[in-house]
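Rule-based calculations on the coordinates, nothing more; no lab input. Here the structure is a predicted model, which is why all the values come from computation and not from measurement. Virtual Cβ from ideal backbone geometry, glycine too; neighbours counted across all protein chains shown.
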Amino acid sequence: MHALHIIQDEHRNLWRIALTLEQVIDDLHGSPRSELAFFYAVFDYFDQFVDQAHHAKEDRHLFCRLRQRTELANAALDQLESEHRHAPARLANLRQLLADCLHGQTSLDTLTTALRQYTDDLKAHIRTEEQQVFPLASQWLTEQDWDEINQAFRSHQDPLFGDEARAEFRELFHRVASLAPVSVGLGAHSGGELAAPAQDWLLQVEQMESAYGRIQALKGISLSVRRGETVALVGANGAGKTTFLRTLSGVHPLQGGKIVFDGEDISRLRADMRMRRGICQSPEGRQVFGPLSIEDNLRLGGYTQPKPQVASDLERIYSMFPILKEKRALPAGTLSGGQQQMLAIGRALMGRPKLLLLDEPSMGLAPLLVEEVFNVVKSLKAQGMTLILAEQNAFSALALADRGYVLETGHITLTGSGRELIENEQVRAAYLGM
Ligand code: ATP
């Protein structure tokens, strides 16, 4: 792969770590102790990979070659190289501050200010490289230069996101995957987009209306989902959650409003075309095909996919749900409720969703199985899947969601982060039984 793409990929990951750090800093409140492992993993990752591999290779190969070809980049390179040189000392300083804070020798405010400054500087550093240095490198470096630079970067082994990710960073990876969206809008030479990751909407629904004959089930629902986000849709029986998901996936007609998915207006597209675009649904009540084998049920989920891909996708689903592999030749109707739910989720995953819709996955399950289903949802979220989770089990859904919407008789009455909604008095009284 071309070195610039490798660096941009690494920048994208660094940006995600910065976003995750910011969220953790915001949540620090009283004691940073519970976050010790997280901070140390971040610092170790920066030490071992960013400073020693990423920066060193930029300095030695990319920046050095660019200086030889043009003086135009010198000011930016001076600044970047100086930041690289000071990076290890800065990390050591942060470690010390963290230790001091834990021993009560410095205030939490001092620590959080230093950490925020660190993430701000990290983002500014990435922007300078992407906006100022990369365009000049593309313009001035020769093919021979690139051969050498590409060679150097190809041997990179990222211990967090790479093929040989190391166990000590697993926790950090999951944290980053679940807190920061996968795509944050970085692109070749367009560091400007970095300022607006919040705009990276995968789905935007405006004023959705839907009816059953004269019964107006949805009365103007507006809702958006960012890439990599888990959005919970909570509300009582009959509030309109299922109707919303069915109207979104196209199995129920849209009466009014607009649905924009991945930049395209899909309001008039048929359900199968929406599925091909990447909207896949695990329906309420599972709706597995009882007489068909488990494997055939899964294959049905992959019917829009190219054939050669289906076999490997099946293996992926089986490794996620080993029980389905064990029973794959049996009729789906012989599975327990919890297993049928796994099958319904597996079937939706076979469509390679960009957006996975889960309708009441915990419905009718015993408490232990409910927990298991939510663990599956958590692991999908940790892998960076974008999810809408409709649930009557509001607490569990909001606890794992990034954001939530409360639906009442076809209207959205409240929206906020999962945590804000859990703490909201109205929600606590109406849905959480508190
Ligand atoms: P539940 O958890 O019970 O499924 P929900 O929030 O998913 O609730 P919907 O099933 O979307 O709610 O129902 C929204 C409204 O539409 C309700 O007033 C319901 O009675 C009505 N409704 C749903 N399905 C039909 C149908 N097939 N025919 C007529 N009305 C319907």
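Some values worked out for this structure:
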{"item": "Size of electric dipole in segment 201-430: Cβ of Lys, Arg +1 and of Asp, Glu -1, about Cα centre, debye, nearest 20", "result": "600"}
{"item": "Degrees, to the nearest 10: 307-320 long Cα axis against longest axis of the chain", "result": "90"}
{"item": "Those lysines that a straight Cα-Cα span of less than 25 Å connects to K381, excepting residues fewer than 8 apart in one chain", "result": "K123, K241, K325, K354"}
{"item": "Shape parameters for the chain, alpha-carbon atoms, Rg then Dmax in Å", "result": "24.2, 74"}
{"item": "Contour minus Cα-Cα distance for N93 and W140 (0.36 nm per residue)", "result": "13.2 nm"}
{"item": "Point-to-point label distance, Q204-Y303, nm (Cα→Cβ direction, 7 Å offset)", "result": "3.3"}
{"item": "Cα gyration tensor category, rounded, prolate or oblate, for segment 283-361 with a/c compared to 1.5", "result": "oblate"}
{"item": "Linear extension gain, K219 paired with L108, 0.36 nm per residue minus alpha-carbon span", "result": "35.3 nm"}
{"item": "Relative exposure of Y40, Y45, judged by other C-beta atoms within 10 Å (fewest first)", "result": "Y40, Y45"}
{"item": "For E209, E58, order by how many other beta-carbon atoms lie within 10 Å, fewest first", "result": "E209, E58"}
{"item": "Burial order of peptide ranges 392-404, 251-263 (average beta-carbon count within 10 Å, highest first)", "result": "392-404, 251-263"}
{"item": "Eligible aspartates and glutamates near K307 by straight Cα distance, threshold 15 Å, same-chain separation 8 or greater", "result": "E295, D296, E315"}
{"item": "Student exercise, the chain dipole from Lys, Arg, Asp, Glu Cβ charges, in Debye to nearest 20", "result": "1580"}
{"item": "Spin-label pair C64/Q23, simplified geometry with 7 Å Cα→Cβ offset, distance in nm", "result": "3.9"}
{"item": "Packing-based exposure ordering (other Cβ within 10 Å, fewest first) of H55, H5, H156", "result": "H5, H156, H55"}
{"item": "Built amide H within the under 5 Å cut-off of Q255, gap 5+", "result": "E209, S210, A211"}
{"item": "Assigned charges on the beta-carbon of Lys, Arg, Asp, Glu; segment 329-434 dipole about Cα centre (debye)", "result": "440"}
{"item": "Taking the chain and dividing mean pair separation by its residue count, relative contact order in percent (alpha carbons under 8 Å, at least six apart)", "result": "16"}
{"item": "Farthest positive-ward along segment 201-430 dipole, Cα basis, beta-carbon charges - from L248, S224, T304", "result": "T304"}
{"item": "Two-site FRET efficiency, D262 against D9, from Cβ-Cβ distance with R₀ of 22 Å, rounded to 0.05", "result": "0.60"}
{"item": "Distance histogram for segment 201-430 (every C-alpha pair counted, 5 angstrom bins, percent rounded to whole numbers)", "result": "1, 7, 15, 19, 20, 17, 11, 7, 2, 0, 0"}
{"item": "Charge dipole (the chain, unit charges on Cβ, about Cα centre) - positive-most of L314, F161, I388", "result": "L314"}
